[in-house]
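K.L.:
Handing you this structure, nothing more for now.
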Amino acid sequence: MSEEHAWQVAEDPGLTVQRSCEHLGQAREAHQAASAGRRGCTDCLRIGSTWLHLRECLTCGHVGCCDSSPKQHAHAHAHARGGGHDLARSVEPGEDWAWCYADELFLRPAD
């Protein structure tokens, strides 16, 4: 994995002991939101639903909608896969963060 695609847990200034994420090893090189993802949530497009924001699985590149969207497909994808798909990054313009669904932690690009 190239350094530009490495992730680390975002520091939480409210904690004395910072939490860790055991799932960082799942992250693969970013898929750069395949052309279908640029059009929208893969699952919402298939069923004719709407979404608010998009998240890309850092394991397989699946593009789903965020937890604020009616169908929450990114979250469903992470849990339906039986593990191994716990990390997703925002593919919204200007956003550079990811989320671990298993540990409920924000991630940021590694230094």
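Bear in mind these aren't lab numbers, they're just calculated from the coordinates by the rules spelled out. This is a predicted model, so every value here is computed, not measured. Glycine also receives a Cβ, built like all others from the backbone with ideal geometry; neighbour counts cover every protein chain displayed.
K.L.:
I need the full set of residues from segment 72-111 which are under 9 Å from the mean Cα position of the chain (by Cα) and among the polar types (S, T, N, Q), in order please.
P.N.:
Matches in segment 72-111: Ser90 only.
K.L.:
So, in segment 84-105, of the ones that are among the hydrophobic types (A, V, I, L, M, F, W, C) and part of a strand (DSSP E or B), which residue ends up surrounded by the fewest Cβ atoms within 10 Å (Cβ to Cβ)?
P.N.:
Looking at residues that are among the hydrophobic types (A, V, I, L, M, F, W, C) and part of a strand (DSSP E or B), I get Leu105.
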